[in-house]
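The values are calculated or read from the model by the stated rules, or taken from the named source; none is laboratory data. Owing to the predicted nature of the structure, the values given are computational and were not obtained by experimental measurement. Every residue, glycine as well, gets a Cβ built from its backbone with ideal geometry; the counts of neighbours run over all protein chains shown. The protein model used for the area step is the full one, side chains on, heavy atoms only, and it has no ligands, DNA or RNA in it. Shrake-Rupley method; radii C 1.70, N 1.55, O 1.52, S 1.80 Å.
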Amino acid sequence: MEALFNSFSSLIVFLHVISAVIWVGGMIAIRFAVHYSMQEVEDPKIKLGRTLETLRRFFNMVIPSIILLLATAIIMIIALGFKGTPLYSFVIAKEAIWTIMTIIFIVIFIKRKQAQKAFDEGKLPIAKEKLLPIANYLIPINVVLGLIAIYLGITLRGF
């Protein structure tokens, strides 16, 4: 891993950072721009359909980013030899946050899938019910956690 990191350190760090930016930035854009613009759509069926499509497209971007984030994190943790150093607690905290975020993302993914099924069956109230926790607290929690993890990453790079 050290040789890999030494040969491609800039690329690995870039891929790690851009993955975090896509994931966290995407959630910020969806929650604070797209969500509010969707409130202007009056037809519930169109609103739910667009919301489901937006989330589907977001997942297509975010799932590869999550995988890349994990892979680059493992490479950096091993290659930079954080284990056994005072900085290792920062690494553990950061990875714990990303793990919690991934679990929340899986919940969002499942809720969206359930909402899509209800929508396809014409059960709009159930579809809306499945989507509400995503906008109301799941994405906001992940945004806060993601910003904390990014800050911890910057702190680690500064040492």
Within the range 96-148, residues being more than 17 Å from Phe32 (Cα to Cα), among the polar types (S, T, N, Q) and either in contact (Cβ under 8 Å) with a residue 12 or more places away in the chain or in contact with a Phe, Trp or Tyr (Cβ under 9 Å, 6 or more places away or on another chain) (or both) number 3
Quick check on the range 128-139. Is at least one of its residues on the phi > 0 side of the Ramachandran plot and modelled with pLDDT of 95 or more? no
Filtering the range 57-76 for residues that are open to solvent by 80 Å² or more (accessible area, probe 1.4 Å) and either in contact with a strand residue (DSSP E or B) (Cβ under 6 Å, 6 or more places away or on another chain) or touching a residue at least 12 places away in the same chain (Cβ under 8 Å) (or both) leaves a count of 2
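For Thr99, state whether it is among the hydroxyl-bearing types (Ser, Thr, Tyr) and either open to solvent by less than 70 Å² (accessible area, probe 1.4 Å) or touching a Cys at 6+ places or on another chain (Cβ under 9 Å) (or both). Write out each step before concluding.
Details: among the hydroxyl-bearing types (Ser, Thr, Tyr): yes; either open to solvent by less than 70 Å² (accessible area, probe 1.4 Å) or touching a Cys at 6+ places or on another chain (Cβ under 9 Å) (or both): no.
Criteria not met by Thr99.
Pick out the one residue from Ser9, Ser37, Ser19 that is closer than 22 Å to Leu138 by Cα, polar (S, T, N, Q), over 19 Å from the mean Cα position of the chain (by Cα) and assigned to a helix (DSSP H, G or I).
On the way: Ser9 fails: closer than 22 Å to Leu138 by Cα; Ser19 fails: over 19 Å from the mean Cα position of the chain (by Cα).
One residue alone meets the criteria, Ser37.
Here is a check on your reading of the model: is Gly122 at pLDDT 95 or above, open to solvent by less than 90 Å² (accessible area, probe 1.4 Å) and outside any loop (DSSP other than H, G, I, E, B)? Steps first, answer last, please.
On the way: at pLDDT 95 or above: yes; open to solvent by less than 90 Å² (accessible area, probe 1.4 Å): yes; outside any loop (DSSP other than H, G, I, E, B): no.
When the stated conditions are applied, Gly122 does not pass them.
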Of the listed residues (Glu2, Glu53), the one being open to solvent by 30 Å² or more (accessible area, probe 1.4 Å) and modelled with pLDDT of 95 or more is Glu53
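Using the structure shown, decide if Tyr88 is of a type in the set (Phe, Trp, Tyr), more than 20 Å from Ile28 (Cβ to Cβ) and open to solvent by 50 Å² or more (accessible area, probe 1.4 Å).
It is true that Tyr88 is of a type in the set (Phe, Trp, Tyr), more than 20 Å from Ile28 (Cβ to Cβ) and open to solvent by 50 Å² or more (accessible area, probe 1.4 Å).
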